[in-house]
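Below is one structure; the comments refer to it alone.
The values are calculated or read from the model by the stated rules, or taken from the named source; none is laboratory data. As the structure is a prediction and not an experimental result, all values here were calculated from the model. Using ideal geometry, Cβ is built from the backbone for each residue, glycine included, and neighbour counts are taken over all protein chains shown. To get the accessible areas, we keep the full protein, side chains included, count just its heavy atoms, and leave off ligands, DNA and RNA. Shrake-Rupley method; radii C 1.70, N 1.55, O 1.52, S 1.80 Å.
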Amino acid sequence: MGKGDKKTKRGKINRGTFGVRRPRIKKKPSVETKISIGTKAKPK
């Protein structure tokens with residue numbers, strides 16, 4: 001089991017693919033985006 005194996009984590013890293021062994025990491029929304037959405041300038 002190594003770099004050429006499709007079913008291992010190392011093989012997924014080598015191929016640059018994702019799957020059960022190496023799931024994608026989802027990005028969390030940053031604190032700045034949450035604040036900027038809530039605070040909008042009101043027109044006079």
Open item on the list: For the structure I just gave you, tell me whether residue 4 is in contact with a helix residue (DSSP H, G or I) (Cβ under 7 Å, 6 or more places away or on another chain), of a type in the set (Gly, Ala, Ser), at pLDDT 80 or above and surrounded by 10 or more Cβ atoms within 10 Å (Cβ to Cβ).
Closed with: yes
TODO: Within segment 15-31, identify whether any single residue is open to solvent by 100 Å² or more (accessible area, probe 1.4 Å) and at pLDDT below 70, and answer yes or no.
DONE: yes
